[in-house]
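Encoded as structure tokens, the structure appears first; notes follow it.
The values are calculated or read from the model by the stated rules, or taken from the named source; none is laboratory data. Quantities reported herein were computed from a predicted structural model and do not represent experimental measurements. Counting neighbours? That spans all protein chains shown, and the Cβs are built from the backbone with ideal geometry, glycine included. For accessibility, only protein heavy atoms count, side chains too; no ligands or nucleic acids. Shrake-Rupley method; radii C 1.70, N 1.55, O 1.52, S 1.80 Å.
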Amino acid sequence: MSAAKVRVAAVGLGNRTCKYLSYLMRNRDLAELVAVVDTDPSKILKAQEMYSLPSSCCFNSLDGLLSSGLDTDACIIGTPDTSHYELTVKALNAGWHVLLEKPMGQTEEQCKAIAQLSAATGKMVAVCYVLRYHPYFLKLKELTERNDIGRVQSVVHTENVGIDRTVHTFVRGPWNRKEMNTSVFFTKCCHDVDLVLWLAGTDVKNINPVRGNYVFRPGYAPKDVAPRCMQCRIEGKCPYSAVDLYLRRKDWIKGFVALPGESQDDMLMRVLRDSRYGRCVYDCPENDVVDNHKVTLEMESGISAEIIMKSLTDNTNRETVIECENAVIHGDETVIEVRFKDNSRTETYDFGWTRSLGFHAEADFHIVKDFMEAIKEGRIRTRTSSETALLSHLICLSAE
């Protein structure tokens with residue numbers, strides 16, 4: 001179908017899907033948005049207006065779209081994680097290609113089934129592993145392939161989740177239970193595992209995890225804490241204060257919805273007073289997800305690799321140290337430094353310019369472009385097809 005536009009349906013109108021659609025709206029020669037699906041009527045109405053869609057192309061379920069007979073070539077699935085498997089299977093069986101947010105599924109069986117069904121139907125599942133499309137990480141990969149730097153010997157890669165994201169999403173939020181999210185490490189770091197496999201190889205021999213929920217437990221609370229931050233005498237000194245995060249700094253508040261007539265501050269006071277997000281981090285007894293996780297991989301080649309998820313840090317970047325035969329590569333997602341072991345020279349590559357680009361340095365756009373071009377060219381694989389992404393999923397699940 002090289003000459004025709006790809007007919008695309010968007011399933012789940014959340015943040016990620018809308019970013020991908022923004023690229024399609026600016027590149028209408030690649031694809032045409034023919035339908036949207038979401039359970040939220042307000043998002044459907046907004047999509048109708050934004051994308052000039054008739055109501056006959058808007059659905060509250062994928063089943064509704066499938067039964068409509070609307071001609072569709074592919075779909076973008078950006079729904080909650082627990083629904084990915086079921087929706088992807090339906091889309092593949094309908095004969096559609098799928099651009100799928102990570103993770104593919106919630107179990108080893110589900111992830112394998114998606115990769116197998118993709119192969120059996122000849123329809124592509126491209127997993128949104130953004131790191132393989134990011135200019136900074138592409139440079140890391142390029143450096144590991146240079147003859148003068150030599151063979152990779154070890155990789156240590158750290159994903160700094162950050163305090164604010166951790167307490168908002170994985171301590172106070174509804175994703176603080178395994179049944180909602182499989183695991184923080186799986187959800188947050190499956191594409192970090194994929195990155196390490198890309199750098200170090202896929203001949204994994206052993207997987208050794210170390211993990212735990214060591215911090216936000218009731219028995220570890222300081223003296224004089226209150227059940228809610230607004231009532232707490234030590235709130236002003238607490239690094240996990242919900243009052244500071246939401247009311248003072250106005251961070252992580254996009255998901256909060258004001259009632260009719262409420263100002264933003266009134267809304268935030270209500271959230272702090274009445275909702276789960278105003279609780280003390282040590283008073284969330286249902287929290288059973290890990291707050292730290294390290295996975296060590298041993299390769300048949302002798303290369304070793306570590307993937308570390310660090311929650312309680314002010315940093316929100318990724319740090320990578322690659323030990324090679326002739327040099328050590330160190331990157332902090334802004335600057336890459338290559339130091340040669342014979343002290344002959346040091347090379348520095350500054351990627352600070354990517355910070356101003358947005359959309360993960362436009363890697364989000366490159367994911368969509370690769371997916372659409374693959375369909376138009378008759379390819380059934382992209383850089384992050386389900387076949388490639390499967391091993392990182394299995395490693396994460398094994399590490400649990």
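What the table shows:
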quantity: Among 308-321, 82-95, the order from most to least packed when residues are scored by Cβ within 10 Å on average; calculated: 82-95, 308-321
quantity: Solvent-accessible surface (1.4 angstrom probe) belonging to ILE163, in square angstrom, nearest 10; calculated: 30 Å²
quantity: Under 17 Å from LYS237, Cα to Cα: lysines that are on another chain or at least 8 residues apart; calculated: LYS223
quantity: SER42 - accessible surface, heavy atoms, 1.4 Å probe, Å² rounded to 10; calculated: 70 Å²
quantity: Reference-scaled alpha-carbon Rg (2.2 N^0.38 Å with N residues) for the range 1-148; calculated: 1.13
quantity: Unit charges on C-beta of K, R, D, E only; dipole of the range 80-222, Debye; calculated: 200 debye
quantity: Cα gyration tensor of the chain - equivalent ellipsoid semi-axes, whole Å, descending; calculated: 33, 32, 20
quantity: P(r) of the range 158-220 over all Cα-Cα pairs, binned every 10 Å from zero, in whole percent; calculated: 16, 46, 27, 10, 1
quantity: When the range 120-192 is reduced to its Cα atoms, the Kirkwood hydrodynamic radius in Å; calculated: 15.5 Å
quantity: Accessible area per residue, Å², the chain with all protein chains present, probe 1.4 Å; calculated: 45 Å²
quantity: Radius of gyration and Dmax over the Cα atoms of the range 343-384, both given in Å; calculated: 16.1, 49
quantity: 4 °C / 1.567 mPa s Stokes-Einstein diffusion coefficient of the range 142-287, Kirkwood radius on C-alpha pairs, µm²/s; calculated: 72 µm²/s
quantity: Intensity falloff of the range 236-312 expressed as log10 I(q)/I(0), Debye formula with alpha-carbon point scatterers, at q = 0.14, 0.19 Å⁻¹; calculated: -0.63, -0.89
quantity: Packing rank of 127-136, 9-18, where each peptide gets the mean count of other beta carbons within 10 Å, highest leading; calculated: 127-136, 9-18
quantity: Kirkwood Rh in Å, taken over all unlike Cα pairs in the range 257-400; calculated: 20.6 Å
quantity: Cα lying deepest toward the dipole's positive end in the chain, options LEU397, CYS58, GLY201, charges on Cβ; calculated: CYS58
quantity: Accessible carbon and sulfur surface of the range 36-166 relative to its total accessible area, %, 1.4 Å; calculated: 49 percent
